[in-house]
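Structure first, then comments.
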Amino acid sequence: MKDYRIDTKCVQAGYQPKNGEPRVLPIVQSTTYKYDTSAEMAKLFDLEPGYMYTRLANPTSDAVAAKITALEGGVAGVLTSSGQAANFFSLINILGAGDHFVSAATIYGGTFNLFNVTMRKIGIDVTFVDPDADEETIAKAFRPNTKAVFGETIANPALKVLDIEKFARVAHAHGVPLIVDNTFPTPINCRPFEFGADIVTHSTTKYMEGHASTIGGAIIDSGNFDWEQNDKFPGLTTPDDSYHGAVYVRDFGKAGYITKIVAQLLRDYGSTPSPQNSFYLNLGLETLALRMERHCSNAQKIAEFLAQDERISWVNFPGLPDSPDHALAEKYMPNGTCGVISFGVKGGRDAAEKFMNNLKLAAIVTHVADARTCVLHPASSTHRQLSDQELLDCGVSADLIRLSVGIENVEDILEDIQQALAAIE
Ligand SMILES: *Cc1c(COP(=O)(O)O)cnc(C)c1O
């Protein structure tokens, strides 16, 4: 396919039907694939191209992975059943027990738990670093067994913007890849490979699918990282006995990292998306460019309104000129960041709860980043067990409201916020 512009790729990349084939990506709802001879099937178990079992690969899911790969400007990609699986696989594809990685401290709570609790239990250690720290300070977190660096382009829910070039420089100086979770900006607003990231992950559950109907994840490889530059990545550079001595980087070149995820991790852990879910994800991706534009322009207007309203104590949105991350946002996301805003209402926890209860259009849900405007008050929900001091220690003030601005008419969203603010006075 010609290298079309990104909004065209959203609609058409990944699937080009031949003469007489369905115009719309077909759902290949089959666990298995038929072969004429055992010899032909045997080739698949030597990792020759082709489909054998949907736990490993499926044509519908592959087409959608190819679309996201095209959007990110990568060389190979794979879908997983969730964003959690994508982040886990992106790391354990190159780390094992006894290894260590460095992660920005401001990351999604689910990812933080995965890194801080579950991965430690299987012998993989992590050091969290302040994303604002200078390169020398971040470099101090590295050890001889450090194998990767991880961060989120825009952290959920802290909305901290990652200095991708800084993190890439430190990672590469230590001979390890930078993995970036690009869920919040999506490739419409930021393509981390252009700034030196090596691997990109997604929770496609958010803006990519966009309608809050389908959990999913994706891992995309830039093809830029040289896995053979040192001996840190034996899983990619030495024989895999479970596939007759295949050596992923030697045999699959720039697709080696992703081929290993499919051949080993999807085979063994089975966090595979259903073809039906991949189809829904593809429908969402078709309108991603349009929706991101609206999410961003709506959020900008709402953030500007909140910033000047005297009932609001503070607003955190990287698109606001006085945001501490505004310069980073301008550099990495000049066309917009995302539709999520956090803010506080004067009057603390009680006022925050009253405000939310009075919203009529915006719904209280755990989700973020879909077409419908929604809100969450962490202090009374996800962080309910914590005292006000404990909340402050983990960066969630008692009055913090996370607002995910949808694609409704912005005047309706504004009027809803105004009437809910009026009701707490
Ligand atoms: C939601 C989210 C995840 C986890 O994704 P699921 O699809 O819910 O498993 C990971 N990273 C970020 C930034 C997220 O917002």
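In region 192-221, which residue that is open to solvent by 10 Å² or more (accessible area, probe 1.4 Å), within 24 Å of Lys260 (Cβ to Cβ) and touching an Asp or Glu at 6+ places or on another chain (Cβ under 7 Å) is farthest from the ligand (Cβ to nearest atom)?
My answer is Gly196.
Only residues that are surrounded by fewer than 16 Cβ atoms within 10 Å (Cβ to Cβ), hydroxyl-bearing (Ser, Thr, Tyr) and under 24 Å from Tyr207 (Cα atoms): list them for region 368-425, please.
Scanning region 368-425 gives Ser381, Thr382.
Taking the options Leu114, Leu56, name whichever one is out of contact with any Ser or Thr (no Cβ under 7 Å at 6 or more places or on another chain) and more than 16 Å from the ligand (Cβ to nearest atom). Walk me through how you get there before you give the answer.
On the way: Leu114 fails: more than 16 Å from the ligand (Cβ to nearest atom).
Step by step, each of Leu114, Leu56 is checked, and only Leu56 is out of contact with any Ser or Thr (no Cβ under 7 Å at 6 or more places or on another chain) and more than 16 Å from the ligand (Cβ to nearest atom).
What's the number of the only condition in (1) more than 20 Å from Pro318 (Cα to Cα); (2) in contact (Cβ under 8 Å) with a residue 60 or more places away in the chain; (3) open to solvent by less than 10 Å² (accessible area, probe 1.4 Å); (4) assigned to a helix (DSSP H, G or I) that Ile138 fails to meet?
(2)
This table checks each residue for (1) closer than 25 Å to Cys190 by Cα; (2) more than 16 Å from the ligand (Cβ to nearest atom).
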residue	(1), (2)
Glu310	no, yes
Cys338	yes, no
Glu353	no, yes
Asn358	no, yes
Ile364	no, yes
Pro378	no, no
Val396	no, no
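Filter region 339-367 down to the residues that are of a type in the set (S, T, N, Q) and open to solvent by less than 50 Å² (accessible area, probe 1.4 Å) and list them by number. Spell out the reasoning first.
Here is the first cut: in region 339-367, the ones of a type in the set (S, T, N, Q) are 342, 357-358, 366.
If the condition is that a residue be of a type in the set (S, T, N, Q) and open to solvent by less than 50 Å² (accessible area, probe 1.4 Å), then Ser342, Asn358 are the ones that fit.
For Ser278, all conditions in the list (1) in a helix (DSSP H, G or I); (2) within 16 Å of the ligand (Cβ to nearest atom); (3) out of contact with any Leu (no Cβ under 7 Å at 6 or more places or on another chain) hold save one; what is the number of the exception?
With respect to (1) in a helix (DSSP H, G or I); (2) within 16 Å of the ligand (Cβ to nearest atom); (3) out of contact with any Leu (no Cβ under 7 Å at 6 or more places or on another chain), Ser278 is out only on (3).
If the requirement is being within 19 Å of Pro187 (Cα to Cα) and either at pLDDT 95 or above or part of a helix (DSSP H, G or I) (or both), which of these qualifies: Ser30, Ser61? Explain how you work it out, then say what you get.
On the way: Ser30 fails: within 19 Å of Pro187 (Cα to Cα).
When all the criteria are applied, what remains is Ser61.
Anything in region 94-112 that is at pLDDT below 95 and of a type in the set (S, T, N, Q)? List them, or say none.
Once the filter is applied, which keeps residues that are at pLDDT below 95 and of a type in the set (S, T, N, Q), region 94-112 yields Thr106, Thr111.
Report yes if Leu91 is more than 16 Å from the ligand (Cβ to nearest atom), part of a helix (DSSP H, G or I), modelled with pLDDT of 95 or more and buried (at least 22 other Cβ atoms within 10 Å of the Cβ), otherwise no.
Values: more than 16 Å from the ligand (Cβ to nearest atom): no; part of a helix (DSSP H, G or I): yes; modelled with pLDDT of 95 or more: yes; buried (at least 22 other Cβ atoms within 10 Å of the Cβ): yes.
Considered against the rule, which asks whether it is more than 16 Å from the ligand (Cβ to nearest atom), part of a helix (DSSP H, G or I), modelled with pLDDT of 95 or more and buried (at least 22 other Cβ atoms within 10 Å of the Cβ), Leu91 comes out as no.
Here are some residues: Ala104, Ala66, Ala86. Which one is within 19 Å of Phe193 (Cα to Cα) and away from the ligand (no atom under 16 Å from the Cβ)?
Details: Ala104 fails: away from the ligand (no atom under 16 Å from the Cβ); Ala86 fails: away from the ligand (no atom under 16 Å from the Cβ).
Answer to the check: Ala66.
Which condition number does Gly77 fail, the rest of (1) closer than 30 Å to Thr60 by Cβ; (2) of a type outside the set (A, V, I, L, M); (3) open to solvent by less than 10 Å² (accessible area, probe 1.4 Å) being met?
Tallying (1) closer than 30 Å to Thr60 by Cβ; (2) of a type outside the set (A, V, I, L, M); (3) open to solvent by less than 10 Å² (accessible area, probe 1.4 Å), Gly77 fails exactly one: (3).
Quick one: in region 207-251, of everything that is hydrophobic (A, V, I, L, M, F, W, C), in a loop (DSSP other than H, G, I, E, B) and over 17 Å from the mean Cα position of the chain (by Cα), which residue is farthest from His172 (Cα to Cα)?
Across region 207-251, the extreme among qualifying residues is Val247.
Scan region 262-275 for residues that are closer than 21 Å to Glu209 by Cα and assigned to a helix (DSSP H, G or I) and jot them down. Even if it seems obvious, please write down each step before you answer.
Residues of region 262-275 closer than 21 Å to Glu209 by Cα: 271-275.
Pro275 - this is the single residue of region 262-275 that is closer than 21 Å to Glu209 by Cα and assigned to a helix (DSSP H, G or I).
The values are calculated or read from the model by the stated rules, or taken from the named source; none is laboratory data. The structure displayed is predicted, hence computed values, not measured ones. Counting neighbours? That spans all protein chains shown, and the Cβs are built from the backbone with ideal geometry, glycine included. Note: accessible area is taken over every heavy atom of the protein model, side chains too, but ligands, DNA and RNA are not part of it. Shrake-Rupley method; radii C 1.70, N 1.55, O 1.52, S 1.80 Å.
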